[in-house]
Amino acid sequence: MDDELLELQRQFEFAQQAKSSIRLSDRNVVELVQKLQQLQVIDFELLHTASGKEYITLDQLRNEMVTEVKRLGRISVIDLADVTGVDLYYVEKLAQSIITDHGELMLTQGEIVTESYWDSIAEEINERLQECSQIALTELAAQLNVGLDLIASVLEPRLGTIVKGRLKGGQLYTPAYVARVSAMVRGSVRAGVHWTPAVFAVAQKESVDSFFSQNSFISYDVLQKLGIPQPVQFLQVTNPRYPEGKPLVTTFVHPSMIEMLDAATEDALERGSWSDSLSLLPSSFTPQDASKMLFLCQSVQLALKSNKAHIFGDFYVLSSSFMKDICDCTVKELETLAVSRSLGTVKPGDLPIANEVKAGYDSSRLSVSSEMASDSGSNKHADKGPKKKKGKATGNALANQSESGADNQEHTSTKSKKSQRKALVPDFEEQGIDDPETILRPLVNKLRPTIINKRKALFKDNAERMKQLLDNLQKKLDESFLNMQLYEKALELFEDDQSTSVVLHRHLLRTVAAPMVDMLLHDLDEQNKLKNGVEVQESPNSESISFSPGDRAAISKSFPGALSNKALVVVEALEGKRVETFMSSFRAVTEESGLPLKKLDKKLERTLLHSYRKELTSQVSAETDPVSLLPKVVSLLYVQVYHKALQAPGRAISVAISQLTDKLDETACKIIADYQAAAVTLLTLSATPDDEDSCASNRIREILESQMPALKSLVSGASRS
């Protein structure tokens, strides 16, 4: 029994130490994973790392992000993407989920921060506070590179615990500092006595009259500083000089101010523009004051009742015609922004293009796009009034802002969206309006349904065009790629002659492969635009389109994700020297596009070769040009002798003929050799404009024409050894 156990142990150890003879390539592993996903063995989402050589699950990515955040305490989302090696899109997406699941974490200004980090910061601030007695929040915010409101919200719950001090007016104080200042104030107050003269009431009233008569308004703060505790009662009841005045939230105004605002707003509505009411009023007016004044304006009330105007953010008045212009401009802008936005959202593991045709439009992406574009349309100049005024945006300004939006499309993060808003609407930035809650977001919510309905109709039309486009492209690619494989087999005959092989490879790439690549790039580019909701005009036949290498590279770079990289590889292979390299890269890009290509089997090869031979025979019979006849006869001889379809340029004909000398009888070889020599002489003489050479070329042409029947007879019934 012990011997049997020892023998089993040795066998088990041998099996463990044995090395596998089968190794999977990267491509095999990718195909294996894709197959497991198709079989739903892997029923969870897999992500590619930035290197493209590793897979990672969402749970593992989440764990790595949480570990890194807790280790550092504070880290930006961009740095997290670099650390985990995953695209920024997925890191941003998971960051929101992590913040929701972990209450001790917060996301601010593109950074994830833990509560423990703020605790340590609070301890450092407390140490410094005890040394200095007072610290300004602005100084702390600048040192920590955070917002003033954020640092205040972080410190408030820690006051009295970690931070031994008080926060007031943007300053941190220690109790000792407050006590010291209080003692100084008490000493100052006890040092003197304040008397109120009898003439104070007269001076108070004259000050109010003077200010109100000069400015047509007076704020309640000014009255309180003058010692008037109840400003509204003082102005309307105690002092009968202002019976027509209108009390607002923080200000008392004369009716002339309301008339001024009414006239400016009415003028803006008549011209189909918009108005920023707050900018037309003095700086002391609040948004609530401006809102209340708008509802006292007769023209605004009539426009609201007739649905000719809309109020956003309490004090922005937009005419209906202006909003219609914004909507039209946004739809056009979306067509420009859609393609670039898709580049930032396409995932390496997305479905192939052919499958995406059935997917329809992406409503969430459309909503974000409409929000961004609506932001751009709403931010125009405000109409000018007698005080602080802004003029309306003209039609040219609207168009220029629409065009400038196309130059600011690389945005996936919140920071990039804000940058695009600034580029599209610089006038709002000049006014200090950067809060979407005031006008941009309400305007977007108003326009979004209309824009989405228009985009839905466009996506529906584009889906049908995409399906037809891809079906036609599949048929054309199958035919062209089968011919390419057929021609490739003839290159094997010249592998021993390196120089001739390079010439034949380049000739096949330029004559057969280049049109095939141009057709693919053109149709994929059109499909990509249709998929992203861009209205594309009917294009000419893609088979007749020819691109330069620069055009091919530019189109390839516009494709999303892995498709762009593979398309660039095809463009590079097209300028190379080997057909095999091109074939593999071309097959890779078509598979990435969801357009699998047929392989050339024996049956298809015989069928294509028969058709090729029949077509060549017809061309040889109908050919009347003596120079053009020779390469066609040589190609037909290769079909008859080697059963290969040869595509050879003129400078490789001599080598191709030399390959046939062992397969043809002496008579046939002599006919071809004599004909070739005469054809070369004719081409040489035709290149010189000399009269004597012209006469000689005519004689040689006559000789060639007389030899054409003999040359044609070689492919119709010539004897072969």
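Before moving on, here are some points about what is shown:
- Neighbours by Cβ (under 8 Å, 6+ apart or cross-chain): first from segment 170-188, under 15 Å from I135 (Cβ atoms) and touching a residue at least 24 places away in the same chain (Cβ under 8 Å); second surrounded by 11 or more Cβ atoms within 10 Å (Cβ to Cβ) and hydroxyl-bearing (S, T, Y): G170/T138; Y173/S133; T174/S133; A176/S133; Y177/S133
- Candidates are the residues of segment 267-285 that are surrounded by fewer than 17 Cβ atoms within 10 Å (Cβ to Cβ) and among the polar types (S, T, N, Q); the one that is farthest from L248 (Cα to Cα) is S283.
- Against the test of being buried (at least 18 other Cβ atoms within 10 Å of the Cβ) and of a type in the set (S, T, Y), the options S658, S635, S618 yield a single qualifying residue, S635.
- If you go through segment 286-318 and pick out every residue that is surrounded by 23 or more Cβ atoms within 10 Å (Cβ to Cβ) and touching a Pro at 6+ places or on another chain (Cβ under 6 Å), you end up with 1.
- Looking only at segment 54-86, and only at residues there that are polar (S, T, N, Q) and not in a helix (DSSP H, G or I), the one that is farthest from V113 (Cα to Cα): T57
- Among the candidates E123, E92, E127, residue that is more than 30 Å from L167 (Cα to Cα), assigned to a helix (DSSP H, G or I) and of a type in the set (D, E, K, R): E92
Any read-out appearing in this document is the output of simple, stated calculations on the displayed coordinates, not a laboratory observation. As the structure is a prediction and not an experimental result, all values here were calculated from the model. Glycine gets a Cβ as well: all are built from the backbone with ideal geometry, and neighbour counts include every protein chain shown.
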